[in-house]
Structures are given as C-alpha cells and as structure tokens.
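> Once you've had a glance at the structure underneath, I'll fire off some questions.
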Amino acid sequence: MTFQRARTEEQREIRRRAILDVASAMLHEMPVAAVTLNELSRRVGLAKPNVLRYFESREAVLLELLDRFLQEWLTELAGELAAGIDENLPMAERAAAVAEILSRSLSSRTVLCDLFGAQGSVLEHNVSVEVVARYKRASLDRLTTMTALIQNYLPELGENATLFSLQTMVMAGALSAYSTPPPSLQQAYQAEPDLARFHLELKDSLKLALTATLLGVLPRR
C-alpha cells in the first residue's frame, strides 16, 4: 500500500481509516503486545513519521480500534440478548441467560478481550490528555449503551447495571490473558499437566465470574 501526500481533510480521513484497517488486520494475526509502530508503518506503506501525522502513538491507534470493536460488539450484543432472553422468565433464569450470552459473545471476540486487558496497563499510557480524554468520553457513551441493554433484561439491577457492565469488560480483559498462554507456557502445561490448572477457558471462566457477580448484586427474595 502506497500513499501520496494527503492534501484535503477527506484524504486525511482516508489515510486514518487505512491505518486503522491495517492495524485491525494485525490484531487478528498477533496479540496487542506484538503490534509495533514500525511494522504498522511498513504494512501501511508510510514512513513512521508520516504515520505519526495521523496518530500520535501506537497506543492512540489501538485505543481508537478498541472503541470501534466495542461499538460493533454492542450492536451485535443487542440482537443476541433479544434473541436469547425471555423477559417473562423469573429473575434468576434471566440472570443466568445474561451471563451465558455475555460469556459466549465475548469469548468469540478474542481481539476485543485482548484490548480490554491491555487498556489500563498499556493503551492509556503514551497518549496525550486530549487523546485519552476523547477516548474516555466515547467509553462513557459505550458504557451507557451497555447499561441500558442489561437493564432491559435485568431491571432489578437498578444502578448496579452500570457497575456490572464495567466489571464485565474488565473481567473479560483479565481472564483473556489466562486463556491464551504463550508457546513456552503451553509447552510447560504439556510437560506437567498439573500446571494446566492455571489455564482458564475464557467462556467458562467468564460465565462463572459473571454469574457470581450477578448473584452478588441482584436483590435477594
């Protein structure tokens, strides 16, 4: 991919989208930690300083992708919840269905979970106040959207739906790190099967964590 110099705002936006698309493709090939600005620049066909004209850092690119993937997931989640939950079921059954759908949906989106896991420790570093504030404002909108989705099926949660939504994303990121061990650790697990108890299947472990969280915040009758 090669570019001529962008001279209009429309051309700049085309460059930005192209950079994001290439970074997205890289994330489907490698973990977040392996995505470098040098390799991104090479694949895009721009010198590194030119990529930095559009994004101030690697982390700024990944934060924007995280928001893109989160929007896409929430759109799909709305349909998954609508198709999978009978609003007339008792509260406990609706809670179990919500935990099942969330865990299944998130475990099929490993890139999103990987980005969740890197957000606080990596992605929100090496970015300006302007970039991180813009991302956090967008995140508030996504959190509001997810909260409303959860409240549709578990109105009993009340204000706790916001905390549950936030914890869902945090847990998905944390647990994903234990579900995709690096090659050396996989070899260690094969050599010593007892060590494999540290390997967590994302869907099952996330479902257990979400169910336990819901049991803790739903009103008891």
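The values are calculated or read from the model by the stated rules, or taken from the named source; none is laboratory data. On a predicted model such as this, the values are computed, not experimentally measured, just so you know. As a convention, Cβ positions derive from the backbone with ideal geometry for all residues, glycine included, and neighbour counts pool all protein chains shown. Protein only, heavy atoms only, side chains kept; ligands, DNA and RNA dropped before computing areas. Shrake-Rupley method; radii C 1.70, N 1.55, O 1.52, S 1.80 Å.
> For the range 9-26, what does the Karplus curve 6.51 cos²θ - 1.76 cosθ + 1.60, with θ = phi - 60°, yield as ³J(HN,Hα) per residue in whole Hz, taken in order and with x for Gly and Pro?
Once θ is set to phi - 60°, the couplings for the range 9-26 become 5, 4, 5, 5, 5, 4, 4, 4, 5, 5, 4, 5, 5, 5, 5, 4, 4, 5 Hz.
> In debye to the nearest 20, how big a dipole does the chain give about its Cα centre with +1 on each Lys and Arg Cβ and -1 on each Asp and Glu Cβ? Before the final figure, lay out the partial values.
Numbers: 24 positive and 27 negative charges, 153 e Å.
About 740 debye.
> Determine, from the Cβ-Cβ distance of Arg12 and Val129 and an R0 of 30 Å, the FRET efficiency 1/(1 + (r/R0)^6), rounded to the nearest 0.05.
Details: r = 22 Å, r/R0 = 0.74.
It comes to 0.85.
> Lys/Arg Cβ at +1, Asp/Glu Cβ at -1, dipole of the chain taken about the Cα centre: which of Leu218, Pro90, Gly79 is farthest positive-ward?
About the Cα centre, the residue reaching furthest to the positive side is Gly79.
> Please work out, to two decimal places, the log10 of the ratio I(q)/I(0) at q = 0.12 Å⁻¹ from a Debye calculation in which every Cα of the chain carries one identical scatterer.
After summing over all Cα pairs, the log10 values are -0.74.
> If you line up the long axis of helix 58-84 against the longest principal axis of the chain, both from Cα atoms, how many degrees apart are they, to the nearest 10?
Tilt of helix 58-84: around 30 degrees.
> For the range 35-43, in order, what is each residue's ³J(HN,Hα) by Karplus, 6.51 cos²θ - 1.76 cosθ + 1.60 with θ = phi - 60°, in whole Hz (x at glycine and Pro)?
So the Karplus estimates, Gly and Pro as x, are 7, 10, 5, 4, 5, 4, 4, 4, 6 Hz.
> Would you grab the residues whose amide H sits under 5 Å from the one on Val35? Only those 5+ places off in sequence or on another chain, please, with H modelled 1.01 Å from N.
Amide H neighbours of Val35, under 5 Å, 5+ apart: none.
> Using only the alpha carbons of the range 89-133, what is the convex hull's orientation-averaged projected area in square nanometres? Mind showing how you got there, number by number?
On the way: hull surface 18.6 nm².
In nm², the orientation-averaged hull projection of the range 89-133 is 4.7.
> Which of the lysines could a cross-linker span from Lys48 if the Cα-Cα distance has to be under 29 Å and same-chain partners fewer than 8 positions apart are dropped?
Of all the lysines, those that pass the test against Lys48 - Cα under 29 Å, at least 8 places apart if same chain - are Lys136.
> If the viscosity is 1.306 mPa s and the temperature 10 °C, what translational diffusion coefficient in µm²/s does Stokes-Einstein give for the range 41-172 when Rh comes from Kirkwood over Cα pairs? Walk me through the numbers on the way to the answer.
Numbers: Rh = 16.2 Å.
In µm²/s, the coefficient is 98.
> Each residue of the range 132-147 in turn: what ³J(HN,Hα) in whole Hz from Karplus with 6.51, -1.76, 1.60 and θ = phi - 60°, glycine and Pro shown as x?
So the J values, rounded to whole Hz, are 5, 5, 4, 5, 5, 5, 5, 4, 4, 5, 5, 5, 5, 4, 5, 4.
> Treating the beta-carbon of each Lys and Arg as +1 and of each Asp and Glu as -1, no other charges, what is the dipole magnitude of the range 41-144 about its Cα centre, to the nearest 20 debye? Don't skip to the end; give the middle numbers.
On the way: 13 positive and 15 negative charges, 139 e Å.
Magnitude of the dipole: close to 660 debye.
> Lys203: which aspartates and glutamates have alpha carbons under 16 Å from its alpha carbon, excluding same-chain residues fewer than 8 sequence positions away?
Glu80, Glu100, Asp114
> Calculate I(q)/I(0) for the range 127-185 by the Debye formula, one identical point scatterer on each C-alpha and no solvent, and give its log10 at q = 0.26 Å⁻¹ to two decimals.
Values returned for q = 0.26 Å⁻¹ are -0.98.
> Could you tell me the calculated FRET efficiency between Tyr178 and Leu37, based on Cβ-Cβ distance and R0 = 25 angstrom, to the nearest 0.05?
On the way: r = 28 Å, r/R0 = 1.11.
Efficiency, from the Cβ-Cβ distance: 0.35.
> May I ask you to order 204-217, 75-88 by the average number of other C-beta atoms within 10 Å around their residues, highest value first?
Working: 204-217: 17.4, 75-88: 12.8.
Sorting 204-217, 75-88 by mean packing, highest first, produces 204-217, 75-88.
> If you wrap a convex hull around the C-alpha atoms of the range 157-196 and split its volume per residue, what is the figure in Å³?
Values: hull volume 2.5 nm³, N = 40.
Considering the Cα atoms of the range 157-196, their hull volume per residue is 61 Å³.
> Sticking with the crude label model, points 7 Å out along Cα→Cβ, report the distance from Leu215 to Met91 in nm, one decimal please.
Going from the Leu215 label point to the Met91 one covers 1.6 nm.
> Just the number please: accessible area per residue for the chain, 1.4 Å probe, all protein chains included, in Å². Could the numbers behind the result be given before it?
Values: 12180 Å² over 221 residues.
In whole numbers, the chain has 55 Å² accessible per residue.
> How much mean residue ellipticity at 222 nm does the chain get from its helices, if each DSSP H run of length 4 or more adds -39500 (n - 2.57) and you divide by all residues, to the nearest 500 deg cm²/dmol? Walk me through the numbers on the way to the answer.
Numbers: 10 runs with 154 residues, N = 221.
The per-residue figure over the chain is -23000 deg cm²/dmol.
> Could you pull the Rg and Dmax for the range 1-114, using just the Cα atoms, both in Å?
When restricted to the Cα atoms of the range 1-114, Rg and Dmax are 18.8, 60 Å.
> Okay, moving on. Can you tell me the orientation of helix 202-217 relative to the chain, as the angle in degrees between its alpha-carbon axis and the longest Cα principal axis, to the nearest 10?
Once rounded, one gets 60 degrees.
> Express the carbon and sulfur contribution to the solvent-accessible surface of the range 1-75 as a percent, rounded to the nearest whole number, probe 1.4 angstrom. Walk me through the numbers before you get to the answer.
On the way: 1940 of 4100 Å².
Of all accessible area on the range 1-75, carbon and sulfur atoms account for 47 percent.
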